[in-house]
Amino acid sequence: MKKRTKFIFGGAALLLLAMLSGAFFAGPLLAMANGSQTAATKPTAINPYCGQYLQDLAQRLNVPVSTLQRYKLASMEDVLNQLVKDGKLTQSQADAIKQRLTSHRACSGNGFHWERAITSQFLAKYRPDMASDVAQGLHLSTNQLVTELKSGKSLNTIATTQHVTSAQLRTIVSNAAHDALNKAVSAGDLTQAQSNSISQFLQKHPQFLDHLLNRHYGKKGTGS
């Protein structure tokens, strides 16, 4: 039992470090840690895969799910206390995170986003292709587009300079995303269903690719 308890504590500590680095509950936790106030929360659905993970892990460790969750919370609090001791967090930040962890409903909200991981992998691999297509649509080389973005300009501003209308820019961006999604499906990096889901999201949020390119290639970006 002692060995199982250590395993649970160790796993929970890794989960907490992942959360603090943005892998699981980055949005809510960091917002709380920074002292920002969150509006009234809406009811959230339980993620069935996360629920299955907890039940499976608890079964393998031969403990109830409630005990597993209690051990996880206790271990997370221990790690938070150590982060405060090491000067990585202030006590108020740690307290805010503890409060969030205590009130957070397991497997709900922003937890266990496998969809986000898939989308991130797709974007990381096919971002250069999209940038190249957008640059071509704007009558620029990819290097010229990247240089403009690094200077702090948005795609809209660059398009205006290139005498490309907003409607034309939306078409260029949409086509670039569509071509990249088709390549990803053909290469086996995405299923058709995943491609359709990302495509629907981009259609509802056409400014996302603008934000994506600016974040990666822009003034504060790390891309080349």
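Please find, among Thr160, Thr165, the residue that is farther than 16 Å from Ser199 by Cβ, without any contact (Cβ under 8 Å) to a residue 24 or more places away in the chain and surrounded by fewer than 13 Cβ atoms within 10 Å (Cβ to Cβ).
Thr165
If a residue has to be modelled with pLDDT of 90 or more and on the phi > 0 side of the Ramachandran plot to count, how many in region 158-194 make the cut?
Result for region 158-194: 1.
All but one of (1) at pLDDT below 90; (2) surrounded by fewer than 16 Cβ atoms within 10 Å (Cβ to Cβ) hold for Leu155; state the number of the condition that does not hold.
(2)
So which helices (runs of 4 or more DSSP H) stay within region 150-214 end to end and still have 1 or more residues that are among the aromatic types (Phe, Trp, Tyr) and within 17 Å of Phe122 (Cβ to Cβ)?
192-204
Tell me the helices (runs of 4 or more DSSP H) entirely within region 1-105 that contain at least 1 residues that are more than 24 Å from Ser120 (Cα to Cα) and modelled with pLDDT of 85 or more.
48-60, 65-85, 91-103
Looking only at region 185-200, filter to residues that are β-branched (Val, Ile, Thr) and surrounded by 15 or more Cβ atoms within 10 Å (Cβ to Cβ); which one of those is nearest to Asn175 (Cα to Cα)?
Per the stated criteria, the residue is Ile198.
The values are calculated or read from the model by the stated rules, or taken from the named source; none is laboratory data. Note that this is a predicted model, so its numbers are computed, not measured. Note: ideal-geometry Cβ built from the backbone for every residue, glycine included; neighbour counts use all protein chains shown.
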